[in-house]
1. Could you tell me whether any residue of the stretch 128-150 is at positive phi and either exposed (fewer than 15 other Cβ atoms within 10 Å of the Cβ) or part of a strand (DSSP E or B) (or both)?
2. Restricting the search to the stretch 72-99, which residues are over 30 Å from GLU49 (Cβ atoms), out of contact with any Phe, Trp or Tyr (no Cβ under 9 Å at 6 or more places or on another chain) and either part of a strand (DSSP E or B) or open to solvent by 60 Å² or more (accessible area, probe 1.4 Å) (or both)?
3. Restrict the check to the stretch 187-196 and report whether at least one residue is assigned to a strand (DSSP E or B), at negative phi, open to solvent by less than 50 Å² (accessible area, probe 1.4 Å) and free of Cβ contacts under 8 Å to residues at least 40 places away in the same chain.
4. Pick out the one residue from ASP106, ASP2 that is modelled with pLDDT under 80, open to solvent by 70 Å² or more (accessible area, probe 1.4 Å) and either outside any loop (DSSP other than H, G, I, E, B) or closer than 24 Å to LEU129 by Cα (or both).
5. Going by the structure shown, is ALA42 in contact with a Ser or Thr (Cβ under 7 Å, 6 or more places away or on another chain), at pLDDT 90 or above, surrounded by 12 or more Cβ atoms within 10 Å (Cβ to Cβ) and of a type outside the set (Ser, Thr, Tyr)?
6. Taking only pairs six or more apart or across chains, which ones have beta-carbon atoms under 7 Å, a first residue in the stretch 168-183 that is without any contact (Cβ under 8 Å) to a residue 12 or more places away in the chain, and a second residue that is open to solvent by less than 50 Å² (accessible area, probe 1.4 Å) and among the polar types (S, T, N, Q)?
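The values are calculated or read from the model by the stated rules, or taken from the named source; none is laboratory data. A quick note: this is a predicted structure, and the numbers were derived from the prediction, not measured. Here the Cβ positions follow ideal geometry from the backbone for every residue, glycine too, while neighbour counts run over all protein chains shown. Surface accessibility is based on the protein's heavy atoms, side chains included, excluding ligands, DNA and RNA. Shrake-Rupley method; radii C 1.70, N 1.55, O 1.52, S 1.80 Å.
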Amino acid sequence: WDGTPTQDSRGLDGALDLSASSARAFIQGPIANSDRSTMAVAARRTYLEGYFQVMKWANLIDTAFAAPEFNELSARYAFRPDASQRVIVTLLRTGDSLALVNSGDDSAINVEGALELDNKLYMASADYLLAPSDELQWQSTVAWTTDRSYLRRDLGGEQERTFITHKAYLRSDLTWSPGAHTVQGGVDASMRQTVA
């Protein structure tokens, strides 16, 4: 969603999507009945663990099994002070995990050893767009992410690690379209730090 208001600036739009493995929800609309400020919130989550739980009750799989899980929550706010400017602020939190751990259960399928994965990503960004005319456009984006990755493995050799990676990003672009030609220029910079 690029921050464009809905056709009816006084109403809310939403969607709910349910599938055999996940659920997704989305809602967007104006803030305080304004066509200048708009928000959007989205969420998504898998629920495969429900199927795995049934198989555990039936003693078909080891209680060590855990379903792969994915979840995401995001929020975006767009502000248009006038027709030539737009500001968007985005927040995101997403994660996924998987665990296979030897529990010694007597089941049809069991696990020897262990494998655990857990990843989480947090992001915050701000984007500014200035388009004073159809010929000229300037856009700048700044973002920050923190990525946490956990790994535990015991398949012939025990290993446990946690990585935390921070990234900062800045980009600015200028587009000029005089007549049939277009001239583009931009700069970007980034920084990365990993802590093990």
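1. Quick first cut of the stretch 128-150, residues at positive phi only: none.
Looking for residues that are at positive phi and either exposed (fewer than 15 other Cβ atoms within 10 Å of the Cβ) or part of a strand (DSSP E or B) (or both), one finds none in the stretch 128-150, hence no.
2. In the first step, residues of the stretch 72-99 are kept if they are over 30 Å from GLU49 (Cβ atoms); the result is 77-89.
Subset that is out of contact with any Phe, Trp or Tyr (no Cβ under 9 Å at 6 or more places or on another chain): 77, 79-84.
Answer for the stretch 72-99, where residues must be over 30 Å from GLU49 (Cβ atoms), out of contact with any Phe, Trp or Tyr (no Cβ under 9 Å at 6 or more places or on another chain) and either part of a strand (DSSP E or B) or open to solvent by 60 Å² or more (accessible area, probe 1.4 Å) (or both): TYR77, PHE79, ARG80, ASP82, ALA83.
3. Keep residues of the stretch 187-196 that are assigned to a strand (DSSP E or B), which gives 187-195.
Adding the requirement that they be at negative phi leaves 187-195.
Pick out the ones that are also open to solvent by less than 50 Å² (accessible area, probe 1.4 Å) and you get none.
No, there is no match, as no residue in the stretch 187-196 is assigned to a strand (DSSP E or B), at negative phi, open to solvent by less than 50 Å² (accessible area, probe 1.4 Å) and free of Cβ contacts under 8 Å to residues at least 40 places away in the same chain.
4. Numbers: ASP106 fails: either outside any loop (DSSP other than H, G, I, E, B) or closer than 24 Å to LEU129 by Cα (or both).
Of ASP106, ASP2, the one residue that is modelled with pLDDT under 80, open to solvent by 70 Å² or more (accessible area, probe 1.4 Å) and either outside any loop (DSSP other than H, G, I, E, B) or closer than 24 Å to LEU129 by Cα (or both) is ASP2.
5. Working: in contact with a Ser or Thr (Cβ under 7 Å, 6 or more places away or on another chain): yes; at pLDDT 90 or above: yes; surrounded by 12 or more Cβ atoms within 10 Å (Cβ to Cβ): yes; of a type outside the set (Ser, Thr, Tyr): yes.
Answer is yes for this residue.
6. THR182/THR175
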